[in-house]
Amino acid sequence: MAGSHIAIPTILKIGKGTLKDVGKYIKSSGMENAVIYFGNGLIDMFGSEVMESLNQEGIKVREYRELDSTDIDDIIDLAFEIDSKAQVIVGIGGGKVIDVAKYAAYLRKLPFISIPTSASSDGFSSASASLMVNGRRTSVPARMAYGIIADTDIIKSAPERFLYSGIGDMVSKITALYDWLYESERGYSEMNDFAVMIAKKAVNSFVRTPFETIKDDLFLKELLDSLAMSGIANEIAGGSSPTSGSEHLISHALDKMLEQPMLHGIQVGIATYIMAVVHNHRYVRVNAIFEKTGFWDYVSTLGLNREDYIKAVDLAPSIKPHRHTYLHEEQYRELAKKVIREDEVLKRVFG
């Protein structure tokens, strides 16, 4: 009988001060030649610490640069210029540079180490990348991280909007799992119970974490752990269904429609609340965590347009026509639009 084989990170270090040991972690995996990509402006902030850590362990840096473009053609060029002696690609920064590094690693069949500097989504642990293809943000297959090194001291120093984005992306697993269940009950897909268990444990553990502020070490570690588990749930499922449902379709629709979309997790978080009300499932919990973390307070300052979200609901099913979430049925699209127009909590969000 055939078993299943899944990739999980070999290195997983989440905690205070992990960045200074990056050389040690790479060395322990027997790799001696590295390519390092930094997000824009990050060499000044973290470059010397990273280089020192690698030098101490005798790791040769074959290439070392900041990246800004997420255009797929630029990344293909970049990937095939990588020195043939390179044994590992390291991406340090926000979602953009992590996506570029993991896609370059995928093209060159090299291990990839993910070092997020913000906790804005589960992208640092997922096997897909969000890149610009013909001028539009598009999800493409990439490499599961060989290593995840997240330093909570660095995550804490990132602007708070990135934390709110991470909170929105994490809480979305509640509605994503409900959509997947709905879809599988109607014969459109098959749920993987193990993937469901991991995604469910991740979100439940996160929403039950006690905290004073969202910069508490325990809260940040729990957020990062849970986002990392989400990436692994997707790997087990062989797709994004455990962590991405109708709420992500609304966000992807907004990305297509808007000149300037908001951070992924911000859009996803708002859409999670909308869909939790539509599902009539755990919306009280979703609202409570957004209230307590200050997510709603932040979102209410953004001047978001109600009509954009209504249009996004109509566009949502066309984003993934092969799926069958609640939004793939007209009655629930109508209900979602009614929620956007009339829900009391959302009156704060849309002003």
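The values are calculated or read from the model by the stated rules, or taken from the named source; none is laboratory data. The structure displayed is predicted, hence computed values, not measured ones. Note: ideal-geometry Cβ built from the backbone for every residue, glycine included; neighbour counts use all protein chains shown.
Which members of the stretch 62-77 meet the condition of being of a type in the set (A, V, I, L, M, F, W, C) and either out of contact with any helix residue (DSSP H, G or I) (no Cβ under 6 Å at 6 or more places or on another chain) or exposed (fewer than 12 other Cβ atoms within 10 Å of the Cβ) (or both)?
Just the residues of the stretch 62-77 that are of a type in the set (A, V, I, L, M, F, W, C), to begin with: 67, 72, 75-76.
If the condition is that a residue be of a type in the set (A, V, I, L, M, F, W, C) and either out of contact with any helix residue (DSSP H, G or I) (no Cβ under 6 Å at 6 or more places or on another chain) or exposed (fewer than 12 other Cβ atoms within 10 Å of the Cβ) (or both), then ILE72, ILE76 are the ones that fit.
Counting only helices (runs of 4 or more DSSP H) that fall entirely inside the stretch 14-118 and contain at least 2 residues that are within 21 Å of the chain's Cα centre (by Cα), the qualifying elements are 72-80, 95-108.
Does any residue of the stretch 291-302 turn out to be among the basic types (Lys, Arg) and under 20 Å from LEU181 (Cβ atoms)? Walk me through it before giving the result.
Taking the stretch 291-302 as the starting set, the residues that turn out to be among the basic types (Lys, Arg) are 292.
The next check asks that each one be under 20 Å from LEU181 (Cβ atoms); those that pass are none.
No, there is no match, as no residue in the stretch 291-302 is among the basic types (Lys, Arg) and under 20 Å from LEU181 (Cβ atoms).
Give the residues of the stretch 231-277 that are under 20 Å from ARG161 (Cβ atoms) and among the polar types (S, T, N, Q), sorted by residue number. Residues satisfying the conditions are SER251, GLN260, GLN267, THR272.
Taking the criterion of being outside any loop (DSSP other than H, G, I, E, B) and within 19 Å of THR272 (Cβ to Cβ), the residues of the stretch 172-194 that qualify are LYS173, ILE174, THR175, ALA176, LEU177, TYR178, ASP179, TRP180, LEU181, TYR182, GLU183.
Against the criterion of being touching a residue at least 40 places away in the same chain (Cβ under 8 Å) and on the phi > 0 side of the Ramachandran plot, GLY135 does not qualify.
Against the condition touching a strand residue (DSSP E or B) at 6+ places or on another chain (Cβ under 8 Å) and part of a helix (DSSP H, G or I), how does ILE155 come out, does it pass?
Numbers: touching a strand residue (DSSP E or B) at 6+ places or on another chain (Cβ under 8 Å): yes; part of a helix (DSSP H, G or I): yes.
Yes.
Out of GLU247, GLU222, one residue alone is farther than 16 Å from LYS311 by Cα, at pLDDT 95 or above and touching a Phe, Trp or Tyr at 6+ places or on another chain (Cβ under 9 Å). It is GLU222. Yes or no: ALA127 surrounded by 24 or more Cβ atoms within 10 Å (Cβ to Cβ) and touching a residue at least 60 places away in the same chain (Cβ under 8 Å)? So ALA127 fails the test.
Give VAL345, VAL339, VAL278 a once-over and let me know the one that is under 29 Å from PRO159 (Cβ atoms) and surrounded by 15 or more Cβ atoms within 10 Å (Cβ to Cβ). Talk me through it step by step, then tell me what you get.
Working: VAL339 fails: under 29 Å from PRO159 (Cβ atoms); VAL278 fails: under 29 Å from PRO159 (Cβ atoms).
That would be VAL345, the only listed residue that is under 29 Å from PRO159 (Cβ atoms) and surrounded by 15 or more Cβ atoms within 10 Å (Cβ to Cβ).
For the stretch 212-225, the criterion of being crowded, with 24+ Cβ neighbours inside 10 Å and without any contact (Cβ under 8 Å) to a residue 40 or more places away in the chain is met by none of the residues.
For the stretch 265-273, the count of residues that are crowded, with 24+ Cβ neighbours inside 10 Å and within 17 Å of LEU181 (Cα to Cα) is at least one.
Filter the stretch 281-291 for residues that are of a type outside the set (Gly, Ala, Ser) and without any contact (Cβ under 8 Å) to a residue 12 or more places away in the chain; which is surrounded by the most Cβ atoms within 10 Å (Cβ to Cβ)? Before you say what the answer is, go through the steps one by one.
The initial filter retains those residues of the stretch 281-291 that are of a type outside the set (Gly, Ala, Ser), namely 281-287, 289-291.
From the residues that got through so far, the ones that are without any contact (Cβ under 8 Å) to a residue 12 or more places away in the chain too are 283-284, 291.
Numbers: TYR283: 21, VAL284: 9, GLU291: 12.
Taking the candidates together, the pick is TYR283.
With the requirement that a residue be of a type outside the set (Gly, Ala, Ser) and out of contact with any Pro (no Cβ under 7 Å at 6 or more places or on another chain), what does the stretch 113-133 give you? Selection gives ILE113, ILE115, PRO116, THR117, ASP122, LEU131, MET132, VAL133.
Is one or more of the residues making up the stretch 163-175 modelled with pLDDT of 95 or more and farther than 24 Å from ASN204 by Cβ? Don't jump to the end; show me each part of the working.
Step one: of the stretch 163-175, the residues modelled with pLDDT of 95 or more are 163-175.
From what is left, the residues that are farther than 24 Å from ASN204 by Cβ are none.
Checked the stretch 163-175: no residue is modelled with pLDDT of 95 or more and farther than 24 Å from ASN204 by Cβ.
Filter the stretch 303-321 for residues that are part of a loop (DSSP other than H, G, I, E, B) and either of a type in the set (D, E, K, R) or touching a Lys or Arg at 6+ places or on another chain (Cβ under 6 Å) (or both) and give the result. I'd like the intermediate steps shown before the answer.
Filtering the stretch 303-321 for residues part of a loop (DSSP other than H, G, I, E, B) gives 303-305, 320-321.
Across the stretch 303-321, the qualifying residue is only LYS320.
Only residues that are among the charged types (D, E, K, R), under 14 Å from ILE155 (Cβ atoms) and in a helix (DSSP H, G or I) were counted across the stretch 198-224, and they come to 3.
Filtering the stretch 235-253 to residues that are surrounded by fewer than 24 Cβ atoms within 10 Å (Cβ to Cβ) and over 13 Å from the mean Cα position of the chain (by Cα) leaves GLU235, ILE236, ALA237, GLY238, GLY239. GLU259 fulfils the conditions (1) within 24 Å of ILE148 (Cβ to Cβ); (2) outside any helix (DSSP H, G or I); (3) free of Cβ contacts under 8 Å to residues at least 40 places away in the same chain except for a single criterion, (1).
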